[in-house]
Amino acid sequence: MTLPIYPIHQDPGPDFFSLLDKYKIADNKERSLGLSSLDASEFRHGTTVLAIKTADGVVVGGDRRATEANRIAYRSMEKVFAADSHSAIAIAGVAGPAVEMVKIFQIQLSHYEKVEGIMLSLEGKANQLGQMLAAHLPLAMQGLVIVPLYAGFDLTKKLGRIFSYDVTGGKYEEFDYATNGSGGRDARSYIKLNYVENMSTNDGIKLALAALAEAADEDSATGGIDLKRKIYPIVATVTSEGFKRLLDSEIEELIEI
Amino acid sequence: MSMPFYVSPEQVMKDRAEYAQKGIARGKSLISIICTDGVLLAAENPSKSLHKIGEIHDRIAFAGVGKFNEFDQLRVAGIRHADIKGYTYSREDVDARSLANLYAQYLGQVFTHEMKPLEIEVLVAKLGIEDEPSQLFQVSYDGTVVDQEHYVILGGEAQQLHERASEVLLEKLPLDESLPIAVGILQGTERVLTSDDLEVAVLKDKGQRRTFYRYELSQTLDILGR
């Protein structure tokens with residue numbers, strides 16, 4: 001490795017994603033993977049995630065199951081991540097590239113912050129994620145679909161905001177809640193019936209857990225609460241104080257075993 | 001036919017070194033001290049937005065003195081190097097020594113091959129973890145690397161500051177006790193530095209992945225007891 005210094009016209013600026021392009025690491029954007037002979041549904045998939053707006057910010061949650069076609073592939077999958085200090089990303093879709101995208105997105109945000117000396121706005125971060133998804137489109141067309149939810153606390157507007165995306169990178173701001181993945185419809189119906197505007201963070205957490213339980217009840221690809229293995233859904237909150245993931249013990253109390 | 005002037009390599013190097021030293025001497029100084037609970041970096045810097053101290057990675061900080069555009073380019077290159085390395089391998093594989101060596105390689109290369117040497121000195125500070133001690137690497141304009149176990153002084157009046165430091169920095173102290181000492185070393189006896197002229201940052205474990213914290217003005221004032 002030499003020191004990455006570039007001539008002015010080739011300088012990637014604060015953009016880690018385009019810096020990565022220069023290194024050609026895992027560069028299969030241009031390549032056709034010839035997936036026609038493989039069925040993408042056989043790849044490991046993450047399933048249900050959701051985000052709910054509350055009075056203090058947002059609550060983000062996800063179940064823990066990953067599936068390969070009709071088999072349970074993994075029981076303790078992590079689908080909800082801190083994107084940075086004040087935002088969370090939750091992923092559904094093909095697990096490999098989705099987790100990879102989260103990793104690059106996390107570095108992208110802190111890279112910008114370090115190079116520029118200030119944090120991107122929430123809107124700016126949401127747009128960045130959209131652009132990364134758009135760049136992923138050739139692979140999505142071959143079946144490697146990723147659909148994230150992005151939610152965070154807007155430090156200038158002082159409120160929680162939720163963004164959902166489609167495979168082409170289209171960004172849509174949601175004003176109350178959003179769900180995604182195979183159990184997303186069931187979770188959404190549950191939230192729709194029980195959502196109250198400006199609910200407390202605590203109520204938001206309970207609603208998220210109940211909606212995930214509902215999705216697990218109806219959808220075979222969504223994992224429920226696994227008491228035997230002590231595997232619980234992941235729930236995180238983002239408020240003005242930042243991202244906070246609930247501890248397993250806190251979730252245990254809420255599900256009242 | 002005209003003969004090119006012969007200049008001995010010694011003379012070329014001497015001239016370049018002198019040029020770089022003069023450039024660096026025009027700038028203000030910076031001190032970094034390894035403390036019992038972290039690493040302190042303090043610089044005399046009247047600007048609030050053009051920072052001399054910056055975050056490179058989870059446990060690594062950068063500091064530079066001399067020409068701003070020259071060391072800032074190295075700071076950004078350091079962030080790139082660290083983030084690429086952390087992405088390719090793992091975050092814990094990002095290492096201060098290898099970054100200091102890359103800076104040394106680059107500065108040495110420019111010093112011997114380019115018309116104009118870089119008029120900067122840089123510092124790579126790494127916060128230790130558990131048994132592994134914190135480290136300070138100082139890289140000079142000609143690519144010389146030195147690693148220090150206690151403190152490093154960069155910039156204009158490094159020599160005088162070293163004399164002051166050797167009298168007061170006898171053992172490792174906590175961050176809060178080291179800051180007034182660091183400011184004392186930077187200001188000397190003839191003047192008082194106001195917090196407006198100071199840039200302070202620390203590497204400190206607070207149970208987070210990232211350990212770099214820039215002190216707000218009020219925080220610096222509080223600690224200085226002003």
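With springs only between Cα atoms under 10 Å apart, run a GNM on chain A and tell me which of A:Ile205, A:Ile191, A:Ile231 wobbles the most.
A:Ile231
Just want the ordering: A:Val145, A:Val59, from fewest to most Cβ atoms lying within 10 Å of their own Cβ.
Final ranking by Cβ density, sparse to dense: A:Val145, A:Val59.
Using DSSP to define loop residues, name the trypsin sites (Lys or Arg not before Pro) in the range B:150-218 whose beta-carbon has at most 13 other beta-carbon atoms within 10 Å.
B:Arg191, B:Lys206, B:Arg209
In degrees, nearest 10, range 0 to 90: what is the angle between the Cα axis of helix B:96-113 and the longest Cα principal axis of chain B?
So the helix axis and the longest Cα principal axis differ by about 30 degrees.
Name the trypsin sites (Lys or Arg not before Pro) in the range B:44-129 that are in a loop by DSSP and that have at most 11 other C-beta atoms within 10 Å, would you?
Hits after loop and neighbour filter: B:Lys48.
Within straight cross-link reach of B:Lys126, meaning Cα distance under 16 Å, which aspartates and glutamates are found once same-chain residues fewer than 8 apart are removed?
Output for B:Lys126: B:Asp37, B:Glu55, B:Asp58, B:Asp83, B:Glu92, B:Asp93, B:Asp95, B:Asp147, B:Glu149, B:Asp205.
Could you compute the longest span of chain A free of trypsin sites (Lys or Arg not before Pro) located in DSSP loops and having at most 14 other Cβ atoms within 10 Å, not counting the site residues?
Looking at chain A, A:76-156 is the longest stretch - no exposed trypsin sites (Lys or Arg not before Pro) with at most 14 other Cβ atoms within 10 Å.
Just to confirm a number: summing +1 for Lys and Arg and -1 for Asp and Glu over residues other than B:Val124 whose beta-carbon lies under 13 angstrom from that of B:Val124, what do you get?
Computed value for this residue: 0.
Which FRET efficiency, nearest 0.05, do A:Gln10 and A:Tyr172 yield, Cβ-Cβ r, R0 41 Å?
0.75
Rounding to the nearest 20 debye, state how big the charge dipole of the range B:53-134 is about its Cα centre with +1 on each Lys and Arg Cβ and -1 on each Asp and Glu Cβ.
For the range B:53-134, the charge dipole is close to 260 debye.
Counting only GluC sites (Glu not before Pro) that are in a DSSP loop and have at most 13 other C-beta atoms within 10 Å, tell me the longest site-free stretch of chain B.
B:1-113
Under unit Cβ charges (Lys, Arg +1; Asp, Glu -1), what dipole magnitude, rounded to 20 debye, does the protein assembly as shown have relative to its Cα centre?
780
Looking only at GluC sites (Glu not before Pro) in DSSP loops with at most 12 other Cβ atoms within 10 Å, what is the longest site-free stretch of chain A?
Longest stretch, sites excluded: A:31-196.
Can you give me the C-alpha center-to-center distance between the range B:63-135 and the range A:195-209, rounded to a whole angstrom?
Cα centroid of the range B:63-135 versus Cα centroid of the range A:195-209: 47 Å apart.
Do any chymotrypsin sites (Phe, Trp or Tyr not before Pro) in the range B:30-113 lie in a loop, going by DSSP, with at most 11 other beta-carbon atoms within 10 Å of their beta carbon, and if so which?
Qualifying residues, ordered by number: B:Tyr89.
Compare A:Ala90, A:Ala216, A:Ala151 in a GNM of chain A, Cα atoms joined below 10 Å, and give the one with the largest fluctuation.
In the Gaussian network model the winner is A:Ala216.
In debye, nearest 20, what is the charge dipole magnitude of chain B about its Cα centre with +1 on Lys and Arg Cβ and -1 on Asp and Glu Cβ, if you could check?
Around 640 debye, computed over chain B.
Full extension from B:Gln159 to B:Arg97: what is 0.36 nm times the residue separation minus their Cα-Cα distance, to one decimal in nm?
Result: 19.8 nm gained on full extension.
Each reported figure results from applying straightforward, stated rules to the coordinates on display, with no laboratory input. Treat the numbers as computed from the prediction; the structure is a model and nothing was measured. Backbone-built Cβ (ideal geometry, glycine too); neighbour counts: all protein chains shown.
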